[in-house]
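Comments concern the structure below.
The values are calculated or read from the model by the stated rules, or taken from the named source; none is laboratory data. Keep in mind the model is a prediction, meaning the values are calculated, not measured. Glycine gets a Cβ as well: all are built from the backbone with ideal geometry, and neighbour counts include every protein chain shown. Accessible surface is based on the protein model in full, side chains and every heavy atom, while ligands, DNA and RNA are left aside. Shrake-Rupley method; radii C 1.70, N 1.55, O 1.52, S 1.80 Å.
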Amino acid sequence: MFTNIQLTDGVLLQFAEPPVEIQMQHYAFLVDDDLFDRAYARLCEQSIEHWADPQMRRPGETNTEHGGRGVYFKDPAGHAIELITRPYL
């Protein structure tokens with residue numbers, strides 16, 4: 001079974017519900033400040049564990065790397081999801 005998320009411009013993300021035997025992956029999404037604020041509010045409202053760093057040493061925080069903001073969390077299958085507001089250039 002999949003959870004589908006429809007994005008603009010015809011982009012569809014499909015997340016498989018566990019148990020699925022897939023090696024852990026890392027997905028980074030560049031989002032604008034408004035979407036970051038809304039997504040971060042949902043993480044907090046739903047008590048989803050999140051970190052400011054990929055090593056998961058700064059729980060419950062966001063970062064201000066690269067002149068923007070970022071946060072890491074895991075999807076239900078254990079994949080690392082990263083939201084950033086500025087590209088790593």
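For Pro18, the conditions (1) part of a strand (DSSP E or B); (2) open to solvent by less than 80 Å² (accessible area, probe 1.4 Å); (3) at pLDDT below 85 are fulfilled apart from (1). With the condition kept exactly as written, say whether any residue in region 35-56 is among the charged types (D, E, K, R), surrounded by fewer than 16 Cβ atoms within 10 Å (Cβ to Cβ) and touching a residue at least 24 places away in the same chain (Cβ under 8 Å). Yes, that holds for at least one residue.
Contact map, region 1-30: residues that are closer than 17 Å to Ala80 by Cβ and in contact (Cβ under 8 Å) with a residue 24 or more places away in the chain paired with residues that are part of a loop (DSSP other than H, G, I, E, B) and of a type in the set (Val, Ile, Thr), Cβ distance under 9 Å, separation 6+ or inter-chain. Pairs shown: Ala16/Ile22; Leu30/Thr85.
Identify the single condition in (1) surrounded by 15 or more Cβ atoms within 10 Å (Cβ to Cβ); (2) in contact with a helix residue (DSSP H, G or I) (Cβ under 7 Å, 6 or more places away or on another chain) that Tyr88 does not satisfy, given that it satisfies every other one. (1) is the only condition that Tyr88 fails. If you take the residues in region 1-15 that are among the polar types (S, T, N, Q) and open to solvent by less than 100 Å² (accessible area, probe 1.4 Å), which one is modelled with the highest pLDDT? Filtering first and then ranking leaves Asn4. Hey, could you check region 23-34 for residues that are more than 11 Å from the chain's Cα centre (by Cα) and open to solvent by less than 100 Å² (accessible area, probe 1.4 Å) and say which is modelled with the lowest pLDDT? That would be Gln25. Against the conditions (1) β-branched (Val, Ile, Thr); (2) outside any loop (DSSP other than H, G, I, E, B); (3) open to solvent by 70 Å² or more (accessible area, probe 1.4 Å), Ile81 satisfies every one except (3).
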